[in-house]
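To keep things clear, I will list the structure first and then write my remarks on it.
The values are calculated or read from the model by the stated rules, or taken from the named source; none is laboratory data. These figures come from a predicted structure and were not determined experimentally. As a convention, Cβ positions derive from the backbone with ideal geometry for all residues, glycine included, and neighbour counts pool all protein chains shown. Note: accessible area is taken over every heavy atom of the protein model, side chains too, but ligands, DNA and RNA are not part of it. Shrake-Rupley method; radii C 1.70, N 1.55, O 1.52, S 1.80 Å.
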Amino acid sequence: MTEMSAILESLDKDASNQRKRTAILQALPWYLRENPSKFLKLCEPTDRKDVIKGMTIGILAVVEDVKKPLPAIYSDVVLVMEEHAVVRKLGDVPKAFMNLMGLLYALNMNYPKDLRYTFEVIRRLFMGIGIESCTARVHTLKNKLLS
């Protein structure tokens with residue numbers, strides 16, 4: 001929960017809609033008790049090749065200062081599959097998530113098992129696909145959002 005708190009505290013400085021979207025997508029796995037550390041990574045421009053080693057599917061955000069949990073400016077945002085950068089220059093994390101969802105559908109690939117509930121929330125609640133059949137954890141979040 002400390003990771004989620006740090007992300008939300010960084011909104012105090014700049015609460016633009018784009019930063020709120022990024023904060024939601026970065027904090028969502030922590031809220032759902034999943035660990036996104038192998039999926040969503042921040043790195044400096046010089047560490048790019050070392051960081052993508054071991055990533056099967058993920059988003060790599062290249063920033064100047066990796067100590068900030070919610071950077072204001074990204075040097076690059078990259079989709080990674082099987083340790084290869086497949087799409088670059090996505091601009092920000094929300095665009096990267098939506099491109100990744102489209103790519104997973106187009107290639108008929110499964111979601112990362114470590115982030116099962118995160119991807120279910122994105123698919124069912126954010127995109128509205130198959131909203132009538134949710135797991136209990138996602139249904140609970142849906143009820144909290146609608147109350």
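Yes/no matrix, rows are residues, columns are (1) under 21 Å from Arg19 (Cβ atoms); (2) touching a helix residue (DSSP H, G or I) at 6+ places or on another chain (Cβ under 6 Å):
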{"residue": "Ile73", "(1), (2)": "yes, no"}
{"residue": "Val80", "(1), (2)": "no, no"}
{"residue": "Ala85", "(1), (2)": "no, no"}
{"residue": "Val121", "(1), (2)": "yes, yes"}
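Exactly one residue out of Val86, Val80 is outside any loop (DSSP other than H, G, I, E, B) and loosely packed, with under 15 Cβ neighbours inside 10 Å, and it is Val86. Candidates are the residues of the range 96-115 that are open to solvent by 90 Å² or more (accessible area, probe 1.4 Å) and either in a loop (DSSP other than H, G, I, E, B) or modelled with pLDDT of 90 or more (or both); the one that is nearest to Gly58 (Cα to Cα) is Asn110. For Leu146, state whether it is open to solvent by 90 Å² or more (accessible area, probe 1.4 Å), without any contact (Cβ under 8 Å) to a residue 40 or more places away in the chain and closer than 27 Å to Tyr74 by Cβ. For Leu146, the condition - open to solvent by 90 Å² or more (accessible area, probe 1.4 Å), without any contact (Cβ under 8 Å) to a residue 40 or more places away in the chain and closer than 27 Å to Tyr74 by Cβ - is not met. Taking the criterion of being of a type in the set (Ser, Thr, Tyr), surrounded by fewer than 19 Cβ atoms within 10 Å (Cβ to Cβ) and within 12 Å of Asp92 (Cβ to Cβ), the only residue of the range 21-76 that qualifies is Ser75. Number of residues in the range 127-143 that are surrounded by fewer than 17 Cβ atoms within 10 Å (Cβ to Cβ) and in a helix (DSSP H, G or I) equals 6.
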